[in-house]
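Here is the structure we will look at.
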Amino acid sequence: MPSYNSTLSAESKSQSSEDQSFEDDFFVKCRLNHPPISHVERAKLESLIYKTSQALQSISDPESRDHLPKILGFQRSLLSPIQCLPPDVMGEIFSFIIAGNPIQYGSKKTSTTILDAWKLTWNASLRVPASCHWISLEARYKLLSECSLGPDSVAVLNILVDEVARWKHLKFVNFAEVPMDDLVAMILPKQTGASSPLPLLQSLTLGPCQTHAFGAIFMHCPSLRKLRIFRLKHTDVAIEIQNLVDLEIVQIHADAPLANLLRACPLLQTLTVGYVSERGVIPQESFSHTHLTTLNLSYLNSAFSPTVWEFVRLPKLIHLDIRAHGNLIWPCSEQQGVINISSTGLETVFDALLDMLLSSDCSLQTAAIYNVLGVSRQSFKGCFLHSTDTIVDDFLAKLPVSSTGQRILINAEAGVNAEFDFL
């Protein structure tokens with residue numbers, strides 16, 4: 001870390017590289033929360049702020065004038081009384097500001113960036129040392145970005161993993177920029193000889209990645225009940241799945257027949273599936289799952305492989321939730337007052353699903369279908385939308401719903417997105 005004896009020399013004022021280095025030094029100080037402690041350090045920083053202000057008024061070099069305001073802002077931030085507030089008070093302040101100004105601080109996905117940065121700095125001095133109370137960890141790409149700012153932040157994670165055996169909830173969300181093996185090496189310790197490194201783990205979320213990248217970390221998780229994963233097949237031995245009660249998969253490929261996957265999860269009660277592509281490998285025999293009660297199909301369209309239901313029976317199924325997506329056909333015959341939305345292939349998909357449900361001899365209590373048209377009705381006001389409505393209505397009417405059950409149909413418009421979100 002730079003000392004507070006640093007000065008702005010006359011030569012450095014006109015050298016962009018030195019200005020950038022000076023700016024980076026104070027940026028790191030602010031992020032890692034290293035304000036001046038002693039009266040001498042504060043006096044030196046106050047003097048440095050004065051010199052920076054004077055340099056900003058007199059210098060004409062455009063690159064230096066771009067760096068100096070940022071340097072001055074970081075210097076003043078280090079002297080702010082807010083730096084001395086306790087971490088729990090600061091956490092409440094940031095939470096209140098972000099919650100009250102969501103637009104100012106970005107979208108719903110990015111509004112917690114400030115708070116995430118805060119957790120990696122202030123919490124290091126108070127909350128993280130009490131890691132015996134931590135039972136969950138969420139690792140996203142922005143967390144790794146913060147860690148890359150300095151070794152002190154990585155040390156925060158080292159403290160956390162000391163209590164890895166206590167974790168009950170774990171969430172890894174990976175971006176393409178960060179190799180998954182690097183992420184695991186940074187977050188989780190190497191477990192050698194441990195029969196169950198995560199004995200209390202109850203829920204696990206793994207973003208787009210290959211499960212083999214985790215090695216044997218999740219191979220023995222006897223308490224694991226909920227898994228949310230991008231891709232999974234019954235032959236994956238890197239994750240213990242036989243005790244799952246809630247499984248959410250974004251994509252099932254041809255080499256992952258659903259019947260075999262259900263056979264590997266005999267206690268499963270809720271299954272959520274996104275995409276099913278290509279024809280799956282046909283199992284040698286059908287499988288009737290006697291525990292599954294809820295089936296959610298988050299993106300059912302014409303590309304959804306109808307063969308996925310072959311050799312699958314769900315006799316205990318009582319809740320069915322489907323998001324059906326039609327595709328807009330261009331050009332639209334708007335002048336005739338008709339806009340066509342393709343249902344090619346979708347009827348076959350619905351027929352295959354209906355055959356499975358009827359063969360299962362189940363009795364549904366709720367059957368909800370969100371008919372996502374993929375086009376805004378307001379954009380074509382006064383036009384008749386010829387879409388998947390007829391197919392959906394016919395499918396809904398034929399479903400084996402009990403006499404006391406409900407059939408629910410919601411026609412959603414463009415912008416309704418039922419896809420999985422791992423960002």
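The single condition among (1) modelled with pLDDT under 50; (2) over 24 Å from the mean Cα position of the chain (by Cα) that residue 119 does not meet is (2).
Remark: pairs (first residue in segment 272-298, within 21 Å of residue 401 (Cβ to Cβ) and outside any strand (DSSP E or B); second residue at pLDDT 90 or above and among the small types (Gly, Ala, Ser); Cβ separation under 6 Å; 6+ apart in sequence or on different chains) are absent.
Residue check: residue 61 meets all listed conditions (1) under 17 Å from residue 82 (Cα atoms); (2) surrounded by 13 or more Cβ atoms within 10 Å (Cβ to Cβ) but one, namely (1). Being at pLDDT 85 or above, closer than 28 Å to residue 266 by Cα and under 32 Å from the mean Cα position of the chain (by Cα): is that true of residue 418 here? In short, no.
The values are calculated or read from the model by the stated rules, or taken from the named source; none is laboratory data. Quick caveat, the model's predicted, so the values are computed rather than measured. Glycine gets a Cβ as well: all are built from the backbone with ideal geometry, and neighbour counts include every protein chain shown.
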